[in-house]
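In what follows, a single structure is set out as structure tokens and then discussed.
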Amino acid sequence: MKRGILTFGLAIAIASAAFSASAQTLNAIKQRGALNCGANGTLAGFGLPDAQGNWAGFDVDYCRAIAAAIFDDPTKVKFVPLSAKDRFTALQSGEVDVLARNTTWTISRDTSLGLNFTGTNYYDGQGFMVRKSLKLNSALELNDAAICVQQGTTTELNLADFFRANRMKLKTVTFATSTEAVKAYDAGRCDAYTTDASALYGERLRVANSNDHVVLPEIISKEPLGLAVRHGDDQWYDIVKWTHFVLLNAEELGVAKANVDAQMKSDNPEIKRLLGTEGKYGEALGLPNDFVVRIVKHVGNYGEIFERNLGQPTPLKIARGLNALWSKGGLQYAPPVR
Amino acid sequence: MDQPTSPPRLRPAKLKTDVAIDIIGMHKWFGDFHVLRDINLRVMGGERIVICGPSGSGKSTMIRCINRLEEHQRGRILIDGMELTGDLRRIDEIRREVGMVFQHFNLFPHLTVLENLTLAPIWVRKMPKKDADDIAMHFLRRVKIPEQAHKYPGQLSGGQQQRVAIARALCMNPKIMLFDEPTSALDPEMVKEVLETMVQLAEDGMTMLVVTHEMGFARQVANRVVFMDEGQIVEVNTPEEFFAHPQHERTKLFLSQILQ
Amino acid sequence: MAAHTPSGTSYVRAQAVAPLPPPLVESGAIGWLRTALFSGPLNIVLTILSGALIVLIVPPLLNFLIFDATWSGADREACLARPDRPVVGACWAFIRERLGYFIYGFYPIAERWRVDAFFVLLTIGIIWLLAPTARRRTLGAIYFFVVMPVLACVLLLGWPAIGLPEVSTTQWGGMLVTVVVSGVGIVFSLPIGIVLALGRRSRMPLVKLFSVIFIEFVRGVPLVTVLFMASVMLPLFVPEQWSPDKLLRALVGVALFASAYMAEVVRAGLQAIPRGQYEGAMAVGLSYWRMMGLIILPQALRVTIPNIVNSYIALFKDTTLVFIVGIFDFLRTIEAARVDPKWATPVTSTTGYAFAAIVYFICCYLMSRYARDMEARLTTTHRR
Ligand SMILES: Nc1ncnc2c1ncn2[C@@H]1O[C@H](COP(=O)(O)OP(=O)(O)OP(=O)(O)O)[C@@H](O)[C@H]1O
Ligand SMILES: N[C@@H](CCC(=O)N[C@@H](CS)C(=O)NCC(=O)O)C(=O)O
Ligand SMILES: [Mg+2]
């Protein structure tokens, strides 16, 4: 009975969301004067308020990029901190226009939950942290190791799968919270600690001597994180999707925050199309043709966003890894602007 | 002490009709229990009625019906010509005219004596605070405890509390006063001071209904004594006749028991 | 013996006995030690055990919180163990840098004076209403329940027409949110609770039924569920533009929840009032509402003050649950900040939680302390 009511509610929500599609998300945002962005408020590097209470992070900058494209002003974003539980309802109900909250792209979320994923802005996956003194080079050498993990997560399941597939013996030590798990690892109760790589680098800072620990290169699960929008408004879907693609294209073509003005005069036809000096690709999205100039000027290209929030200048020091451009051995690949 | 030598007197408020209370064929039930049966009683203005009878005979219930602390189910009750019905405004009006004094005083413990007295005049009679204070002090002098005005009820003796309760009722300038065993909860040495106050009130011509077992008081001030048993009025007579020649068997038994 | 008169069995005291000071063992430090700490075998064991517990807990706690603590620094490096400083205690430098965030949340820095002004207004209101020596309480109550809320709304939300830019509630956070949520809960729960308690005792069947259903339903559901329903279910059925603000939804949820509990507390107080009080009040001609307002409730509330304050303390702590619906209260801002890579160290989380514990403890202790003082004052002046 309860389930029935819930399903019914969800059905109405999805139906009304589909109905409101004709209301045009973009127009609603312009009228409101701000983008409503669902974000994570507690994930280091992805979404976290800084000392001044300003939102900062990799996902957060994606929302700023969208705002820059629409308003030429990256501050016109209202961030709504969402928990893992209520993030989908918030998007379905229209409380937020876009969900930028380290959300894994899966088939069920893409279909029955009524969401559209707009690409993978961060290839995440489960990784391992171990003590340097163990001199391990690969997760495959973890046979018979004690591993600290948070209880009741997909992480715990992936771990078991990985060990079974590789015929290794597993000893897990589980904890209710990640804080406890890290403490236990630090105290020497386990040889390794495992969680999503995106979080792993942040956790590394919470052990007594972070330099004595390394994150192993293996990623044992697929957690493609991306921004999501509601079903039913294709124009808005395209805008968010292409914000991601132009950030990648900008990096690939060497268009960065510092040189974007100079690049406007470039003769390279690919850059000309990207920056709107040739063609009317912005118009097709309902945006000005120079929307990429606006984005890059205010928030930089993909590489700049990555470095600023996750890369070497930050305490996290996450390597590009899978998130390097396709041309540099990574997976990040964007369709061309033409 | 600035206490005057003879306490000030005040004429009780005038009744509109000659008949103060008229109870006609009144019945009351508590659930299935027929507690009052065919009560008929006419009290004239200025009359003092003493009601007595064995415990559980319905004395309290009867006088509580008069100011609607209990609701009667059959028959009529008229107070100064106004009939008691379920009409809330009418009930408020009647309660303003009928003062009541309880066995356990029922003073408001969170208010000072003076505040106990002025509360109803200020909120119900809409009297300015200054006037209410004056009247309250007047009645406190009359019950001979003006010096206690700023204490809390809990700091007074039982007799003093009951006198405050009488003063509280008088502050509303009632036409009729009901007393439900006002001295039963008091230590013997305090009974006298309360009875004195009541005698004084009787001398001023107040219409009074008093449930009491103080037969001396009945002899001294009552115009009539009402004897109740098993929810019925069994006998009504002048005090002289009532005590000298009780008519009903139950009355004789009752008197022999309490006059032992 | 000299006091006895020699004749017969009857006894009359002839001389008064002057009072003497108590024997030394009963008073003085030794007497106290003997009676309070070592009066029997069980008492001795308990004394030794608690003494050992104190010795075990207090010094490490003080070491962590004070002696080994880091008081200043620019980032996590300051709070990391080094060869010359192997033991690190609390990282207060982190709390110092993030204090603004813990108090104001995302409130824009240029506008934070408005929050300060709100805190000042609130403090004035609380002192005016609660200080035992305060004058003109009625005016204080009007200020606290009418003037201050309006001023607070204008200040915190903004009013562009008079030059205060709008600050939407999504930017509120930290102590501000904790104070607003628990304040609204505290202020609204008492009157709503009173009305519900009276409703539950009402003779009108519909009023009674509604009160009972409301109270029992809300009390039968955890606060988390109430908040979740208010914030997740509501927008599913109401279109975006009608659905109220997220914080407002949580405020309504918390206020209704607290009211149901308050209703039961008040009901217990009402039950403690003897029937004679109702009859006394009716007999002097007070109407129902005056009887309740002037006679019954003042007494009922007085006997329930400890329970009311208990509910307030519970509510103050329960407000931490609003994080479930994505509102950053005081505790949540600390939780969020502790993962900041700039400050993440082994002691950062512990420091954050210790700070939260200290702040919550001080607030709750002050509340219960005030309640105890007030109770003592009332019992000395208004004995029954
Ligand atoms: N609220 C009530 N509900 C049910 N029965 C009641 C109620 N009040 C009184 N009674 C019953 O009605 C009868 C009359 O009670 P009442 O108090 O009028 O007696 P009383 O003559 O005043 O006795 P006492 O001298 O002991 O005060 C008693 O049997 C009593 O038990
Ligand atoms: N990629 C995951 C994200 C899971 C997630 O958001 N996890 C919650 C906790 S269950 C969270 O807030 N994580 C923040 C963190 O890892 O610190 C998904 O989409 O399910
Ligand atoms: Mg009686």
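Just one of the numbered conditions (1) within 14 Å of chain C (Cβ to nearest Cβ); (2) away from ligand 2 (no atom under 11 Å from the Cβ); (3) exposed (fewer than 15 other Cβ atoms within 10 Å of the Cβ) is not true of A:LYS85; which one?
(2)
Which ranges mark the strands (runs of 3 or more DSSP E) fully within the range B:141-260 that have 1 or more residues being within 16 Å of ligand 3 (Cβ to nearest atom) and in contact with a Cys (Cβ under 7 Å, 6 or more places away or on another chain)? It would help to see each step written out before you state the result.
On the way: elements: B:176-180, B:207-211, B:224-229, B:232-237.
In the range B:141-260, the matching strands (runs of 3 or more DSSP E) lie at B:224-229.
Being away from ligand 1 (no atom under 16 Å from the Cβ), part of a loop (DSSP other than H, G, I, E, B), in contact (Cβ under 8 Å) with a residue 60 or more places away in the chain and more than 13 Å from chain C (Cβ to nearest Cβ), is that true of even one residue in the range B:99-112?
No, because not a single residue in the range B:99-112 is away from ligand 1 (no atom under 16 Å from the Cβ), part of a loop (DSSP other than H, G, I, E, B), in contact (Cβ under 8 Å) with a residue 60 or more places away in the chain and more than 13 Å from chain C (Cβ to nearest Cβ).
Quick one: A:LEU205 ticks every box in (1) more than 16 Å from ligand 2 (Cβ to nearest atom); (2) more than 22 Å from A:LEU325 (Cα to Cα); (3) among the hydrophobic types (A, V, I, L, M, F, W, C) bar one, so which box is it?
Unmet condition: (1).
Filter the range B:180-200 down to residues that are in contact with a Phe, Trp or Tyr (Cβ under 7 Å, 6 or more places away or on another chain) and within 16 Å of ligand 1 (Cβ to nearest atom), then give me how many there are.
Number satisfying all stated conditions: 1.
Taking the range C:269-287 as the region of interest, how many residues are part of a helix (DSSP H, G or I) and either more than 7 Å from chain B (Cβ to nearest Cβ) or at pLDDT below 90 (or both)?
6
Please list, ordered by first then second residue, the pairs with beta carbon atoms under 9 Å, 6 or more apart or interchain, first in the range B:43-63 and within 14 Å of chain C (Cβ to nearest Cβ) and farther than 12 Å from B:GLU230 by Cα, second near ligand 3 (Cβ under 9 Å from one of its atoms) and not in a loop (DSSP other than H, G, I, E, B).
From residues that are within 14 Å of chain C (Cβ to nearest Cβ) and farther than 12 Å from B:GLU230 by Cα, the pairs are B:SER60/B:ASP180; B:SER60/B:VAL211; B:ILE63/B:ASP180; B:ILE63/B:VAL211.
Check the range A:273-294 and report whether any residue there is crowded, with 21+ Cβ neighbours inside 10 Å, under 27 Å from A:PRO49 (Cβ atoms) and out of contact with any strand residue (DSSP E or B) (no Cβ under 6 Å at 6 or more places or on another chain).
Yes; the residues of the range A:273-294 include at least one that is crowded, with 21+ Cβ neighbours inside 10 Å, under 27 Å from A:PRO49 (Cβ atoms) and out of contact with any strand residue (DSSP E or B) (no Cβ under 6 Å at 6 or more places or on another chain).
Within the set of pairs 6 or more residues apart or between chains, which connect a residue that is polar (S, T, N, Q) inside the range A:266-290 to a residue that is surrounded by 16 or more Cβ atoms within 10 Å (Cβ to Cβ) with Cβ atoms less than 6 Å apart?
A:ASN289/A:GLY276; A:ASN289/A:GLY282
So how many residues does the range B:44-67 have that are assigned to a strand (DSSP E or B) and within 13 Å of the chain's Cα centre (by Cα)?
Within the range B:44-67, the subset assigned to a strand (DSSP E or B) is B:44, B:48-52.
Restricting the remaining residues to those that are within 13 Å of the chain's Cα centre (by Cα) gives B:48-51.
So the count comes out to 4.
Scan the range C:314-327 residue by residue and report those that are open to solvent by 20 Å² or more (accessible area, probe 1.4 Å) and either within 8 Å of chain A (Cβ to nearest Cβ) or of a type in the set (A, V, I, L, M, F, W, C) (or both).
Residues satisfying the conditions are C:ALA314, C:LEU321, C:PHE323, C:ILE324.
Among the numbered criteria (1) in contact with a helix residue (DSSP H, G or I) (Cβ under 9 Å, 6 or more places away or on another chain); (2) away from chain C (no Cβ under 14 Å), which one does A:LYS328 miss?
(1)
Checking the structure you have, find out if any residue of the range B:49-67 is more than 16 Å from ligand 3 (Cβ to nearest atom) and open to solvent by less than 30 Å² (accessible area, probe 1.4 Å). Reasoning before the result, please.
Taking the range B:49-67 as the starting set, the residues that turn out to be more than 16 Å from ligand 3 (Cβ to nearest atom) are none.
Within the range B:49-67, none of the residues are more than 16 Å from ligand 3 (Cβ to nearest atom) and open to solvent by less than 30 Å² (accessible area, probe 1.4 Å).
When you look at A:ASN166, is it more than 16 Å from ligand 1 (Cβ to nearest atom) and either of a type in the set (Lys, Arg) or modelled with pLDDT under 90 (or both), yes or no?
no
Anything in the range C:328-354 that is among the hydrophobic types (A, V, I, L, M, F, W, C) and facing chain A (nearest Cβ under 8 Å)? List them, or say none.
C:PHE328, C:ALA336, C:ALA337, C:VAL339, C:ALA344
Among the residues of the range B:116-133, is any open to solvent by 30 Å² or more (accessible area, probe 1.4 Å), touching a residue at least 60 places away in the same chain (Cβ under 8 Å) and more than 9 Å from chain C (Cβ to nearest Cβ)?
The answer is no, given that none of the residues of the range B:116-133 is open to solvent by 30 Å² or more (accessible area, probe 1.4 Å), touching a residue at least 60 places away in the same chain (Cβ under 8 Å) and more than 9 Å from chain C (Cβ to nearest Cβ).
Working only within the range B:79-89, note down all residues that are surrounded by fewer than 17 Cβ atoms within 10 Å (Cβ to Cβ), more than 12 Å from chain C (Cβ to nearest Cβ) and not acidic (Asp, Glu).
B:GLY81, B:MET82, B:THR85, B:GLY86
Here's the yes/no breakdown for (1) among the acidic types (Asp, Glu); (2) within 14 Å of chain C (Cβ to nearest Cβ):
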position	(1), (2)
A:ASP161	yes, no
A:LYS171	no, no
A:TYR201	no, yes
A:ASP238	yes, no
A:HIS244	no, no
A:GLU252	yes, no
A:ALA256	no, no
A:ALA262	no, no
A:SER266	no, no
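Against the condition of a type outside the set (D, E, K, R) and either under 16 Å from C:VAL325 (Cβ atoms) or not in a helix (DSSP H, G or I) (or both), how does C:SER202 come out, does it pass?
Yes: the conditions hold for C:SER202.
Can you tell me which of A:GLU223, A:GLU218 is touching a residue at least 24 places away in the same chain (Cβ under 8 Å), surrounded by fewer than 19 Cβ atoms within 10 Å (Cβ to Cβ) and more than 12 Å from chain C (Cβ to nearest Cβ)?
On the way: A:GLU223 fails: surrounded by fewer than 19 Cβ atoms within 10 Å (Cβ to Cβ).
So the residue among A:GLU223, A:GLU218 that is touching a residue at least 24 places away in the same chain (Cβ under 8 Å), surrounded by fewer than 19 Cβ atoms within 10 Å (Cβ to Cβ) and more than 12 Å from chain C (Cβ to nearest Cβ) is A:GLU218.
Restricting to the range A:97-108, give me the number of residues that are more than 14 Å from chain C (Cβ to nearest Cβ), in contact with a helix residue (DSSP H, G or I) (Cβ under 8 Å, 6 or more places away or on another chain) and near ligand 2 (Cβ under 8 Å from one of its atoms).
1
Checking A:GLU141 against (1) within 14 Å of chain C (Cβ to nearest Cβ); (2) of a type in the set (Asp, Glu); (3) free of Cβ contacts under 8 Å to residues at least 24 places away in the same chain: exactly one of these is not met. Which one?
Failed condition: (1).
Restricting attention to the range A:52-73, does a residue exist that is at pLDDT below 95, open to solvent by less than 60 Å² (accessible area, probe 1.4 Å) and in a strand (DSSP E or B)?
Checked against the condition, which is being at pLDDT below 95, open to solvent by less than 60 Å² (accessible area, probe 1.4 Å) and in a strand (DSSP E or B), the range A:52-73 yields at least one hit.
Need pairs with beta-carbon distance below 7 Å; first residue open to solvent by 10 Å² or more (accessible area, probe 1.4 Å) and within the range C:343-354, second part of a helix (DSSP H, G or I); sequence gap 6+ or separate chains.
C:PRO346/A:ASP186; C:VAL347/C:CYS79; C:ALA354/C:LEU65
If you check B:HIS138 against the conditions, is it within 16 Å of ligand 3 (Cβ to nearest atom), modelled with pLDDT under 95 and either not β-branched (Val, Ile, Thr) or not in a helix (DSSP H, G or I) (or both)?
No, not satisfied.
Could you list, in sequence order, the residues of the range B:68-99 that are of a type in the set (Asp, Glu), more than 16 Å from ligand 3 (Cβ to nearest atom) and closer than 17 Å to C:TYR278 by Cα?
Across the range B:68-99, the qualifying residues are B:GLU71, B:ASP92.
The values are calculated or read from the model by the stated rules, or taken from the named source; none is laboratory data. Keep in mind the model is a prediction, meaning the values are calculated, not measured. Backbone-built Cβ (ideal geometry, glycine too); neighbour counts: all protein chains shown. Side chains are part of the model used for accessible areas, which takes the heavy atoms of the whole protein and leaves out ligands, DNA and RNA. Shrake-Rupley method; radii C 1.70, N 1.55, O 1.52, S 1.80 Å.
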